[in-house]
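The values are calculated or read from the model by the stated rules, or taken from the named source; none is laboratory data. The structure displayed is predicted, hence computed values, not measured ones. Cβ: placed from backbone, ideal geometry, glycine included. Neighbour counts: every protein chain shown. Note: accessible area is taken over every heavy atom of the protein model, side chains too, but ligands, DNA and RNA are not part of it. Shrake-Rupley method; radii C 1.70, N 1.55, O 1.52, S 1.80 Å.
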Amino acid sequence: MRQYLVVANQTLGGEHLLEVILQRAATSPSHFFLVVPATPPSEHLTWTEGEARSIAKRRLQGALSRFRELDLDVDGEVGDPSPLEAVRDALQAGRYDEIILSTLPPGLSRWLRLDLPHRVERAFALPVVHVVAEMGRP
């Protein structure tokens with residue numbers, strides 16, 4: 001069974017990500033582990049770590065429900081606020097064949113400004129598939 005680590009936050013419910021996950025599931029038996037880093041919400045000027053974790057938890061629960069309704073083998077967790085550390089933590093706990101990283105488009109994405117897709121690929125020596133949300137579609 002192929003093991004996929006899916007890392008997303010604001011884009012977790014997006015069709016772009018669902019398409020990639022469904023493609024993987026159609027090719028071979030697959031398990032998907034979702035990590036939602038508890039990153040600070042961009043829509044608030046001030047926030048607490050508890051608020052960030054709460055938002056991430058809601059997104060995770062919604063995605064788990066949606067993916068399970070599609071008969072996908074999926075589970076997940078809220079991760080470290082640093083997406084790189086969230087990936088590191090997940091990789092210490094399990095073995096994965098590929099990392100699927102979903103971001104907002106350039107100009108909107110803090111993760112892209114951090115060069116996260118390339119940093120993850122270099123740090124962990126695993127294939128990284130970077131999917132970008134379309135404008136108007138998370």
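A few remarks follow.
- Each residue of region 123-128 was assigned a 3J(HN,Hα) from its phi angle through the Karplus expression (A = 6.51, B = -1.76, C = 1.60, θ = phi - 60°), giving 6, 10, 6, 10, x, 10 Hz with x at Gly and Pro.
- Semi-axes of the equivalent ellipsoid for region 58-138, Cα gyration tensor, largest first, Å: 20, 19, 12
- Extension gain, E69 to S54, is 3.1 nm, computed as 0.36 nm per intervening residue step minus the present C-alpha separation.
- Per atom type, the chain shows carbon and sulfur on 52% of its accessible surface, probed at 1.4 Å.
- Relative contact order [Cα under 8 Å, 6+ residues apart], the chain, whole percent: 33
- For the chain, the mean projected area of the C-alpha convex hull, equal to one quarter of the hull surface, is 7.8 nm².
- Using R0 = 22 Å, the C-beta based FRET efficiency linking A123 and E77 works out to 0.70.
- Using θ = phi - 60° and Karplus 6.51 cos²θ - 1.76 cosθ + 1.60, couplings along region 74-84 (whole Hz; Gly, Pro as x): 8, 8, x, 7, 7, x, 3, x, 7, x, 5
- Magnitude of the charge dipole for the chain, about its Cα centre and with charges confined to Cβ atoms of Lys, Arg (+1) and Asp, Glu (-1), is about 120 debye.
- Remark: region 9-25, residue by residue, has Karplus-estimated 3J(HN,Hα) of 9, 4, 9, 4, x, x, 5, 4, 6, 4, 4, 5, 5, 5, 4, 5, 5 Hz, where x stands for each Gly or Pro and the curve is 6.51 cos²θ - 1.76 cosθ + 1.60 at θ = phi - 60°.
- Amide hydrogen proximity for V74: with H placed 1.01 Å from N in the peptide plane, the residues at 5 or more positions away or on another chain lying under 5 Å are F32.
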